Amino acid sequence: MPDLKAEFETATQEVQKLPKKPDDQTLLKLYAFYKQATVGNVSGPKPGFTDFVGRAKYDAWSKMKGMPTEKAMQEYVTLVAKLKGAV
């Protein structure tokens, strides 16, 4: 777990240095994996219909419900590696 946590923290820094911005779907996946890894299952009220971005983020995160922290961290690290072209 300590190695995975270090990889996760490194990936969170590397994602901000990507040469090009990922598409919206990929950004939502990154957000959802990050939130699941750092906070756990989605909580709070679902944003209203007029908050399109907030609602999309909430929905993406809620799909991760029940995913263990370690798996969410690993998925995040794997996705960042793909975006960097390392996988």
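Here each label is just a point 7 Å from Cα along the line to Cβ, and for GLN16 and LYS71 those points are 2.9 nm apart.
Normalising the Debye intensity of the stretch 1-42 to I(0), with uniform scatterers on Cα atoms only, and taking log10 at q = 0.14, 0.26 Å⁻¹ returns -0.36, -1.01. Counted by Cβ distance under 15 Å from PRO19, the other residues give a net charge of +3, where Lys and Arg count +1 and Asp and Glu count -1.
Add +1 for every Lys or Arg and -1 for every Asp or Glu among the other residues with Cβ under 12 Å from the Cβ of THR78, and state the total. Numbers along the way, then the final one.
Details: positive: LYS29, LYS71, LYS82, LYS84; negative: GLU7, GLU75.
Net charge in that neighbourhood comes out at +2.
Contact order for the chain, expressed relative to its length and based on alpha carbon pairs under 8 Å spaced 6+ residues apart, stands at 42 percent. Relative to the current alpha-carbon distance between THR50 and ASP3, full extension at 0.36 nm per residue lengthens the span by 12.8 nm.
Note that the stretch 46-60 has calculated 3J(HN,Hα) couplings of 6, x, x, 4, 7, 9, 4, 5, x, 5, 5, 5, 4, 4, 4 Hz, one per residue in order, obtained from phi through the Karplus relation 6.51 cos²θ - 1.76 cosθ + 1.60 (θ = phi - 60°); glycine and proline are x. Each part reduced to its alpha carbon centroid, the stretch 1-31 and the stretch 48-87 end up 10 Å apart. Extension gain, LYS82 to ASP59, is 6.0 nm, computed as 0.36 nm per intervening residue step minus the present C-alpha separation. Each residue of the stretch 61-78 is assigned a 3J(HN,Hα), and the resulting list reads 5, 5, 5, 8, 3, x, 6, x, 3, 4, 5, 5, 4, 4, 4, 5, 4, 4 Hz, derived from the Karplus form 6.51 cos²θ - 1.76 cosθ + 1.60 (θ = phi - 60°), x at Gly and Pro.
Can you pull the percent of Cα pairs in the stretch 2-84 with separation above 21 Å? Write down the numbers at each step before the final one.
Working: 993 of 3403 pairs.
Summing the P(r) of the stretch 2-84 above 21 Å gives 29 percent of all pairs.
A short reminder: the numbers here are calculations on the coordinates, not readings from a lab. Keep in mind the model is a prediction, meaning the values are calculated, not measured. Because the Cβ atoms are built from the backbone with ideal geometry, glycine has one as well, and the counts that use them run over all protein chains shown.
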